[in-house]
Structures are given as C-alpha cells and as structure tokens.
Amino acid sequence: MHTFSRVSVIGLGYIGLPTAAVIASRGVDVLGVDVSEHAVNTINQGKIHIVEPDLDMLVQAAVTTGKLKASLTPEPAEAFMIAVPTPFKDNKSPDLSYIRAAVENIAPVISKGNLIVLESTSPVGTTDQISAWLAELRPDLIMPHQDPDKADVFIAHCPERVLPGRVLQELVSNDRIIGGITERCAARAVDLYHLFVRGECLLTNARTAEMAKLTENSFRDVNIAFANELSMICDHLKINVWELIKLANRHPRVNILLPGPGVGGHCIAVDPWFIVDSAPEQAQIIRKAREINDSKPHYVADKIKQAADQFKKPVIACLGLAFKADIDDLRESPALDIAMSLIRDNVGEILLVEPNIKQLPAKYAAHADKLTPLPQALERANVLVVLVDHKQFKTLHPADVATKVVIDTRGIFG
Ligand code: SAJ
C-alpha cells in the first residue's frame, strides 16, 4: 500500500475545502489551492468562506496545527485532487474550462509517481481528456493512456457524493466509486482514499465512474420530476398529492419522492444535462425530467398570481428562499426565482421570509430591501406560499393560516 505525506487539493469550495481539512486532520500535509484570494486568505486565518456544519472547527484545527495551508499557486505534492466547478454553458453543454485551468496550473509541478484524481462531477471522457492534456503539457512524462504499464503518473476519477449540510459525515462514511484510467491508477487512488474514507471503495474504470455520478443525480432528478408531474396532475384532478403519495408509498415496492417548487442546487439540476449532451438521441426520460423540473417554478408562480387576483391589495408571504430545507444556500434556488418573479411582475406586496439568512445578497437589493420575520408575515399576508420546508415553518398549525389563501408547495400542511 502506498502512503501519502503531502497532498494538494485544487479548488477550495464546498467539496475541496472539507476534503482538504479531513485529510489534514489525518496528519497529512495538505496544500489547498484556489484562484480566489479571499478564500485563500480566509482559510490561512483558520476561518471558512462557505457554510457547512462543523467545518469551521475542523479548518481552524488543521490550520493551527500547520497541516493545512492555502495558496494561490500550486507546489509539488504526491497527490493532486481536483475539485473545481463543472457548470454548463448557455446551450447546456458542459463547461470544462475550470478543469482545464486546474490541469494547466498543476502541470509544471507534477512529477514521476504522482497521482491525480478528478473529484468534480464530469461528463464521460473527462478523465481521459485530462490524461491527454497532461501528455501535451508534459511530454517528458508517460501518461497512463499512452502506456498503462510504464506510466509515470496515475490518473483516476473519484466523484464526490456528499450531501450539502452533511458533508463531514458523508465524506467519511459514504462508499466511493474509484475509476482509474488503468487498474494501477485505480489502485493508487484507493490508497489515497483509505486515508479518510470508512465506507467501501469500489473500483472501476474512469468512464464508468463518471457515468455513475451523473446517473445518481439523474436518478434523483427523474424521480423528483415524477413527483412534480404528479402534483400538477393532482391539481388538475383536485386530489391532494401529499395524501396520494403517502398512500401509494405504502406499497412495498413504491417509493415516490416529494414534489416541490422545482429542483435547485448546483448538482441535480445540472448533471443530467451532461448525459443528454453525450447521448442526445438516447437520453429521453432524462431530458424530459429536466424540462419538467425546470418548468415547475413557472407553474407555481402562475398559481400564486391567480390566487393574488382575488385580492384588491394582495400581500404575499413567501416562506423560504433557500434551495432546500434548513440551509442558507440561495444558489440556483427555485424558491428565490419564484419570489423574484413575483416582485418583477408586480403581483402585489411581497414579503420574503428566510430564517436562515440575515439579509439578502446585494445583487437582489434592487428587488427587495429586507426580509420579513415570520410572525409579521403571518399577520400581514393574505396569500401565504410555502416554498421551503424549513423547520421553523413545519411547526405552523393549519389554524395559524386558516384565514389566508395557502399555496403549500412542500406539503408541510399535508
Ligand atoms: N427535492 C425535491 N423533492 C425531493 C428531494 C429533493 O423537490 O423529494 C429538491 C430539493 O428541494 C432541492 C433539490 O431537489 O431543490 C436537490 O436537493 P437534494 O437534497 O436532493 O440534493 P443536493 O443537490 O443537495 O445533493 C445531491 C446529492 N445527490 C443525490 O442524493 C443523488 C448529493 O449526494 C450529491 O453529492 C450532490 O447532489 C452533488 O454534489 O452532486
């Protein structure tokens, strides 16, 4: 088994920073590299620039003991883990520019015997592409696709699978899929993950590992689309979708997910498009599911507008802006999109309630200057829209809202 004493993590975001801190907590020297000066400075002060339970303590400990350092420039290490964003472009094709930039950045410092692991969720073929890029950038080294037995460098894909809000537990406890360009590459990567993973490491090739990650998130997207479609069918047929799902789920082989105002976050709403882009003819359900989930916020906004039409002076309380329950993350949030579209379309007076944040980010200032506390919103609104099932809202009793028109996109009132 190969041991690692110095590891570098490229990209210190929601995945890279927790991974770097966990590895550092195992006594390994870790250099985290990021393009953001703010991120690098914050981390070097032992603080964090993202929100994730318990991460602050872990980073502080790792920085104080000198095991974790952050830098704008890479340095030599035995293993490099790439955890940078893979967004999509306007035409929904994957944007690999951050991966390309990370590879260009580390190319000058890699050396014989190094392991490079791609953690970013990526379209099929990206790990092979990294090998090809490195072959170009470092013609002095043999890459695994050039000669599996004589390769100087090991390259593998190990997709991140952690759930925001539970990252530190899941980083350690989840099983990991490790796909090597060759079997030797996969075996070397397993040694790295054994430093901190208690779950099982399952070996495969790089393309299957890439597809596995995309499949996991597409599976969830398709199942949420099924629930969202059901909710629209039930509106049409005047059936309570929440009761319906509870009843249907009592069948031993049925497990329907929950409808909502749409699918948010930066993973499930993005990754299925990578499959569609790679196999446009074949990926039919996956594409349709994306379209259904993307259409749901418009459907909900229309429903709210119809409800508002009943009032001379509609006062609409939007409960929740985050992309899911009990987090403060507003990125790609359908709840926020719906609330902003109501404001933009002058549907009435809009009260925004989000107990997990103190104030709206500056870019929304033009639309709304402040958040409204829940009790005040309950007092003033004639239309109440539940957009996120935060714990603060789940304690509401139907009697609290009996005098209002309620649009409950998350089923907190059943
Ligand atoms: N949602 C529903 N109904 C449901 C479940 C979720 O509407 O029944 C919505 C949520 O409200 C949210 C969106 O879907 O808007 C996504 O939330 P999520 O909790 O399902 O997932 P994420 O995006 O926070 O994290 C996912 C996870 N993937 C899977 O569960 C298959 C996580 O394990 C991945 O690591 C992460 O994507 C990622 O980074 O790819």
Which value in deg cm²/dmol, rounded to the nearest 500, describes the helix-derived mean residue ellipticity at 222 nm for the chain, given -39,500 (n - 2.57) per DSSP H run of n ≥ 4 and division by the residue count? -12000 deg cm²/dmol
Whenever you get a sec, line up 253, 220 from highest to lowest accessible area (probe 1.4 Å, protein heavy atoms). 253, 220
Could you give the nm distance between label points at residue 380 and residue 2, where each point is 7 Å from its Cα heading toward the beta carbon? 6.1
Relative to the longest principal Cα axis of the chain, at what angle does helix 16-25 sit, 0 to 90 degrees, rounded to 10? 60
Local net charge near residue 148, Cβ-Cβ under 14 Å (Lys/Arg +1, Asp/Glu -1): -2
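Tell me, in nm to one decimal, what length is gained between residue 306 and residue 135 on full extension, where the rule is 0.36 nm per residue of separation less the Cα-Cα distance? Write out the running numbers ahead of the final one.
Values: separation 171, 0.36 × 171 = 61.56 nm, distance 5.92 nm.
Net length gain for the segment: 55.6 nm.
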DSSP beta bridges in the chain, what fraction antiparallel, as a percent rounded to 5? 5
Taking the simple approach of a point 7 Å from Cα along Cα-to-Cβ for both residue 326 and residue 344, what is their distance in nm? 3.2
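Rolling a 1.4 Å sphere over the protein heavy atoms, what is the accessible area per residue of the chain, to the nearest Å²?
Details: 19440 Å² over 414 residues.
Each residue of the chain exposes 47 Å² on average to a 1.4 Å probe.
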Most fluctuating of 128, 90, 149 in the GNM of the chain (C-alpha, under 10 Å) is 90
Percent antiparallel among DSSP beta bridges with both residues in region 1-87, to the nearest 5? 0
Among the aspartates and glutamates, which have Cα under 15 Å from the Cα of residue 288 when same-chain residues fewer than 8 positions away are ignored? 221, 229, 271, 277
In nanometres, the difference between 0.36 nm per residue of separation and the alpha-carbon distance of residue 92 and residue 202 is 36.6 nm
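Carbon and sulfur together cover what percent of the accessible area of the chain at a 1.4 Å probe radius?
On the way: 10290 of 19440 Å².
About 53 percent, which is the carbon plus sulfur part of the accessible surface.
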Taking R0 as 45 Å, what's the FRET efficiency between residue 64 and residue 291 from their Cβ-Cβ distance, rounded to 0.05? 0.40
Test of understanding: in a Gaussian network model of the chain with alpha carbons linked when under 10 Å, which of 371, 118, 352 would top the mean-square fluctuation ranking? 371
Working from Cα positions, state the angle (0 to 90°, nearest 10) between the long axis of helix 183-193 and the longest principal axis of the chain. 60
Charge sum, other residues only, whose C-beta stays under 15 Å from residue 337's C-beta, Lys/Arg counted +1 and Asp/Glu -1: +1
Output the relative contact order of the chain, whole-number percent, from Cα pairs under 8 angstrom with separation of 6+ residues. 11
Kindly express, to the nearest 10 degrees and within the range 0 to 90, the angle between helix 126-137's C-alpha long axis and the longest C-alpha principal axis of the chain. 40
Unit charges at the beta carbon, dipole of region 336-379: most positive-side option, 340, 359, 371: 359
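The values are calculated or read from the model by the stated rules, or taken from the named source; none is laboratory data. Everything numeric here is computed off the predicted structure, so don't read it as measured data. No Cβ is skipped: glycine too gets one built from the backbone with ideal geometry, and neighbour counts run over all protein chains shown. Note: areas computed on protein heavy atoms with side chains; ligands, DNA, RNA excluded. Shrake-Rupley method; radii C 1.70, N 1.55, O 1.52, S 1.80 Å.
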